[in-house]
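For reference, the structure is listed below as structure tokens.
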Amino acid sequence: MYQKRKYKHFILLCLVLDLLTMVFLGYRYLDRKIPDEIHIDKNSGLDLSQISNLPFVSFGDTITASGEGSYQLPCRLFGKIAFKNIKVKPTEADTILVSGSTVGIYMETDGVLVIDTGEILSKNGQMQDPAKNILKPGDYIVALNEQKISCKQDLINDLETIDGKPVTVSVRRNNSTIPVSLSPAQDASGKYKLGIWVRDDTQGIGTLTYVTKDGNFGALGHGISDIDTGNLLSIKGGNLYCAQILGVQKGEKGSPGELSGLIRYRNDNVIGQIRVNSSNGIYGSFTNSSGNNITELQAAASASDDTVNASESFNQSKTSFWDFADSFSGNDSLPISLRQMKIGYKQEVQTGPASILCDVGNGVKEYDAEITRIDMNHEDTNKSFVIHITDQRLLNTTGGIVQGMSGSPILQNGKVIGAVTHVFVQDAASGYGIFIENMLERV
């Protein structure tokens, strides 16, 4: 009798656990499908047709003012249970200039980035590691003995003057600047060193997503991280350049492909100034400059984890910028492709047919794709939906999405809805995208 009662309790416990699991998974599913915040066109009003067909979900008839021109829209389950309030932000129905052109990127770090520490063979034949457990990968050196450090050469020059004396290094770590003391080691050649590997710039290629009517651009759809530390680079600025595709390494399962390009790092090839490097892309002002400082470097995108992150300013007046921008559109002889398109917000995005704009060596073309999954509230905003390339032309050339295509605009129903951000290492034809409104928040 006791065993029978014990068995019933066990079955009951399993049923309760199953029920709780179903409730939790159901909550998670609805939370991912119903956005926390949406933008709407002031002139068109609120359209929730893409999310109102979810089971057991209804939206309230009344709204609560929340300031800043936005309001709260109550969302309920079964018409009774409060689930969440959606923040609705009315915006002007707007258009942007959508690109898809490959661009060169050069950025300088804000301070000198410490990649790692290392041992030095000292003059007396012993191995020394003066920075071990003092400096850490990801630190930024901003001063040496209170003298500002802007680049590696500044650091090298200052080390030549210290004559082996202990130095105070000002380091920016986790948004705080702290002083640390180091005793340089003298190597076999007689030079004093701190025993650190450092970096002060980065370069590569990516895709220009858009330019706004105010002359600001957005590109990549994800931030640029240091390849050694994995941390998002803290930058003091940089430039955007026209770039030329030289070749394509086709992506395969387990091996992401890449675009290889030539960037002429000279003043008359600059098309923008980079101001911001954020998790949702790089941003700055779209410009036109000229000069004579010529350097040529080859650049290609770089890999990471299970997905890969595949002058005269125009913003002096809106009218003159749009007049100039129109001269770019539809002219194959010009290096940057721009086309005016309406913005499609996240609640308008649907699973099904879509397309992307990208340049894989023969100019910007539109290629067929399909959106297979949408996540309105993904923790990483640059992984908000999954896109699958279906166009055989692009599959034959690249295998799908390759490094360097990050930032390629994604179109659906005549609007720009987002940009490509990552490629799946195990499926080169698929990757993640970011909603265009998340990129535009930085503008």
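The values are calculated or read from the model by the stated rules, or taken from the named source; none is laboratory data. What you see is a predicted model, and the numbers here were worked out from it, not measured in a lab. A quick note on method: Cβ atoms are made from the backbone with ideal geometry, for glycine too, and the neighbour counts reach across all protein chains shown. To get the accessible areas, we keep the full protein, side chains included, count just its heavy atoms, and leave off ligands, DNA and RNA. Shrake-Rupley method; radii C 1.70, N 1.55, O 1.52, S 1.80 Å.
What to note about this one:
- Test result for Gly361, part of a loop (DSSP other than H, G, I, E, B), out of contact with any Gly (no Cβ under 7 Å at 6 or more places or on another chain) and not hydroxyl-bearing (Ser, Thr, Tyr): yes
- Qualifying residue in the stretch 405-420 (condition: in a loop (DSSP other than H, G, I, E, B) and among the β-branched types (Val, Ile, Thr)): no
Every residue, every condition in (1) among the aliphatic types (A, V, I, L, M); (2) open to solvent by less than 10 Å² (accessible area, probe 1.4 Å); (3) under 14 Å from Gly404 (Cα atoms); (4) within 20 Å of the chain's Cα centre (by Cα), yes or no:
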residue	(1), (2), (3), (4)
Val198	yes, no, no, no
Thr202	no, no, no, yes
Val211	yes, yes, no, yes
Phe217	no, yes, no, yes
His222	no, no, yes, yes
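- Of all the listed residues (Ser44, Ser52), the sole one being farther than 21 Å from Ser384 by Cα, at pLDDT below 75 and not in a helix (DSSP H, G or I) is Ser44.
- Test: residue in the stretch 177-186 that is under 34 Å from the mean Cα position of the chain (by Cα), part of a loop (DSSP other than H, G, I, E, B) and surrounded by 11 or more Cβ atoms within 10 Å (Cβ to Cβ): no
- The stretch 335-348 residues that are closer than 25 Å to Pro90 by Cα, paired with ones that are among the acidic types (Asp, Glu) and open to solvent by less than 60 Å² (accessible area, probe 1.4 Å) (beta carbon under 6 Å, 6 or more apart): Ile343/Asp94; Tyr345/Glu437
- Selection within the stretch 83-136 - assigned to a strand (DSSP E or B), open to solvent by 10 Å² or more (accessible area, probe 1.4 Å) and within 30 Å of Tyr367 (Cβ to Cβ): Thr91, Thr95, Tyr106
- Any pair with Cβ under 9 angstrom, 6 or more apart, that starts in the stretch 7-22 at a residue that is open to solvent by 100 Å² or more (accessible area, probe 1.4 Å) and ends at one that is in a helix (DSSP H, G or I) and of a type in the set (Lys, Arg): none
- Those residues of the stretch 148-176 which are assigned to a strand (DSSP E or B) and aliphatic (A, V, I, L, M), in sequence order: Val167, Val169, Val171
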